[in-house]
């Protein structure tokens, strides 16, 4: 194990530095979704086939159930596709009291933050122009299926939509916990007042949310994380329905200097690498810190319950990169556009935020591990990954409203602008456009 982890240390002075650094970019883009290269072609086509099949079969529930049996190994009838209100209530009733208290605290924090940043109340018509925000009517939320529950995903996607005023929220999740959705996920849905939950996941769930089925009505936007199958499906249906971003496997990039605690940095890297797949990078200008973090990784990973899988992620998708100057590390971090970006540079940490342009979320200082954002602080943990943080953002309440431009000219406003509007319309050869103004100006 020690020898394999030694290979993740990269020094800028090494002759193959650029080549090895470039490999990280290639690896991270391949984790998020199935691309169009030959290595992805077969799986990409499988997702296309699933979506096409559901559409061709008149979007019925039978197709969803067949794919659920094939991919998740669970068989049930259409009457079990939707989780009943009684099942949601029962799951809530069985929740541990301490866990429920923590969940309610997280919900309160997320709701407060999302309300504070919400722009939807800023409707205005000031003079001849203005803007109006309206919430989306119906939203679909993808919650990954796993043996362990992911209640935080429900909170981080549903609460922003509720703050925005979305009335209908449909949650889909594959039945992978003993042939069903984990009861903690169901309990959190009930706590949030979400009563539309479906036992279906993967590309078939995305297709149903986009185009509808016998039981599932189509939505206006699909949000939430997931594996390559889910994210590729979201990408393919995005011409028909809104999506948040390509929110794929977890990744962290830590910018740190000699003031950072190597044990803490190693723990932060492992917290993402244990996702399997997951990517964890340290960019630093301190070789002493780099060596200290490497030794801590070796010691800490051996004590993890998923040690073998985590080591695989460290060796395949992770690295400790020593730059000659910290400014070079920051420049490369902006190219990398990490989902989670941590800055652990002592008193300089906050000032360095000004130099960060591309990241899903920034965690500032030594006492802000990614887990704070994953569960508690308030900003959503549904973040763009791959390289999507260059053009996408974290899910917020503002993602669930649409803006309508408002224009109200009176006779004086129109008269003052008429000659210019007519001139612009005529140069484009649109005589009727020009006439619609002229007829009002000339009476």
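Readers should treat all values here as calculations from the given coordinates under stated rules, not as data from a laboratory. Keep in mind it's a predicted model, so treat the numbers as computed, not measured. Positions of Cβ are backbone-derived with ideal geometry, glycine not excepted, and every protein chain shown enters the neighbour counts.
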If R0 = 56 Å, then residue 80 and residue 416, at their Cβ-Cβ distance, give a FRET efficiency to the nearest 0.05 of 0.30
Pick from 117, 181, 169 the residue whose mean-square fluctuation is largest in a GNM of the chain, springs joining Cα atoms under 10 Å.
117
Mind giving me the nanometre distance, one decimal, between the label points for residue 60 and residue 97, set 7 Å out from Cα along Cα→Cβ?
5.0
Which whole-number percentage describes the relative contact order of the chain, with Cα contacts under 8 Å and a sequence gap of 6 or more?
20
Computed from these coordinates, which is volume of the Cα convex hull per residue in Å³: [x] 203; [y] 183; [z] 133?
[x]
Rounded to 0.05, the calculated FRET efficiency for the beta carbons of residue 167 and residue 288 at R₀ = 41 Å is 0.15
If I model a spin label as a point 7 Å beyond the Cα along the Cα-Cβ vector, how far apart are those points for residue 307 and residue 353 in nm?
3.8
Sort 423-433, 89-99 by the packing proxy (mean of other Cβ within 10 Å over each peptide's residues), most packed first.
89-99, 423-433
For the chain, modelled as a Gaussian network with Cα springs under 10 Å, which listed residue fluctuates most, 129, 368, 157?
129
Starting with the fewest neighbours, write out 318, 436 ranked by other beta-carbon atoms found within 10 Å of each beta-carbon.
436, 318
Does anyone have the angle between helix 228-237 and the longest principal axis of the chain? Alpha-carbon axes, 0 to 90°, nearest 10?
10
Quickly rank 75-83, 336-344, 394-402 as a protection proxy: mean count of other C-beta atoms within 10 Å, highest first.
336-344, 394-402, 75-83
Note down the nm distance, to one decimal, between modelled labels 7 Å out along Cα→Cβ at residue 18 and at residue 214.
6.0
Working from Cα positions, state the angle (0 to 90°, nearest 10) between the long axis of helix 97-116 and the longest principal axis of the chain.
50
Relative to the first principal axis of the alpha-carbon coordinates of the chain, what is the inclination of helix 41-56, with its axis defined by its Cα atoms, in degrees from 0 to 90 and to the nearest 10?
40
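Subtract the Cα-Cα distance of residue 376 and residue 104 from 0.36 nm times their separation in residues, and report this length gain in nm to one decimal.
96.9 nm
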FRET efficiency, residue 428 to residue 131 (Cβ-Cβ, R0 35 Å, nearest 0.05):
0.85
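If you stretched the chain out fully between residue 90 and residue 42, how much longer would it get, using 0.36 nm times the residue separation minus the C-alpha to C-alpha distance? Show your work: numbers first, answer last.
Details: separation 48, 0.36 × 48 = 17.28 nm, distance 4.19 nm.
Net length gain for the segment: 13.1 nm.
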Taking a ≥ b ≥ c as the square roots of the eigenvalues of the Cα gyration tensor of region 41-193, is the shape rounded (a/c under 1.5), prolate (a/b larger than b/c) or oblate?
oblate
Compare 205, 411, 41 in a GNM of the chain, Cα atoms joined below 10 Å, and give the one with the largest fluctuation.
411
